[in-house]
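Notes follow the structure.
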Amino acid sequence: MANKTTPRQEFPTHGLMPRGETQAAEFVRKYPQYDGRGVVAAVLDTGIDPGAKGLQVTSEGKRKVVDYIDCTGSGDVELSDVCAEELTLKGASGRTLRLNAEWKNPTGEWRVGAKRLSRLLPGEVWMSVSAERSQRFRKNAQQLTDAVLAKK
């Protein structure tokens, strides 16, 4: 006798997003092309799951999350010395970073810091991101190899 298992159902999102009350569903029906095409948004949050189903691809098939910077853990990222006058900072690689003169900072002090993404993400999320990066690297390496071999 085979062991039958019940397939896992999708998480019930009904009621979590009040589309009727906010008239979002009606808006999308009336303006289907107003779905964020061509828009880049920055989200400052305590952490998102870039592997979440709704964060994968846009209506045009493009990747939704183009970068991931977690703003949690205030104070656990070593910062460079203060840059107050020249609008240039020295990055971790030693490279000089030029700041946009139009950026306004009330303190006039600028710093730069970095932390490995693997230190910020939960283990399972990091494994997913890492696997995706490895797959993309292998695909790009194969395409490069194929292109070089095709020229011979």
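Tally up the residues in region 118-143 that are within 15 Å of ARG63 (Cβ to Cβ) and either surrounded by 13 or more Cβ atoms within 10 Å (Cβ to Cβ) or among the basic types (Lys, Arg) (or both), please.
Of the residues in region 118-143, 6 are within 15 Å of ARG63 (Cβ to Cβ) and either surrounded by 13 or more Cβ atoms within 10 Å (Cβ to Cβ) or among the basic types (Lys, Arg) (or both).
Just to be sure before I move on: is ALA114 surrounded by 11 or more Cβ atoms within 10 Å (Cβ to Cβ) and within 22 Å of the chain's Cα centre (by Cα) in the structure I sent?
In short, yes.
Checking the structure you have, find out if any residue of region 93-110 is in a loop (DSSP other than H, G, I, E, B), in contact with a Phe, Trp or Tyr (Cβ under 9 Å, 6 or more places away or on another chain) and at pLDDT 80 or above.
Taking every residue of region 93-110 in turn, at least one turns out to be in a loop (DSSP other than H, G, I, E, B), in contact with a Phe, Trp or Tyr (Cβ under 9 Å, 6 or more places away or on another chain) and at pLDDT 80 or above.
Does LEU120 satisfy the condition of being touching a residue at least 60 places away in the same chain (Cβ under 8 Å) and farther than 29 Å from ASP35 by Cα?
Here the answer is yes, as LEU120 does meet what is asked.
The values are calculated or read from the model by the stated rules, or taken from the named source; none is laboratory data. The model shown is predicted, which means the values in this text are computed figures rather than measured ones. Heads up, the Cβs are rebuilt from the backbone with ideal geometry, glycines too, and the neighbour counts pull from every protein chain shown.
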